[in-house]
Amino acid sequence: MAVPWSMTLWMARMIWLALGGWVVSCLNVADEIASSLRTGDMGNFLVD
């Protein structure tokens, strides 16, 4: 059973948008953590 090209391209686009959103979210969180560490709002992480 073949899948039409339009459906394949639609699925690829949805996956691309989801992954792009995930990357942007991770970068935003990393930026917030870095800003907090620079300004002293948050101390170093100590992991035992």
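Observations, loosely collected:
- Counting only alpha carbon atoms, the long axis of helix 5-39 and the longest principal axis of the chain meet at about 0°.
- Over the residues of the chain, the helix contribution to mean residue ellipticity at 222 nm works out to -26500 deg cm²/dmol, using -39500 (n - 2.57) for each DSSP H run of at least 4.
All of the numbers you see were taken from the coordinates with simple rules; none came from a lab. Being a predicted model, the structure only gives us computed values, none of them experimental.
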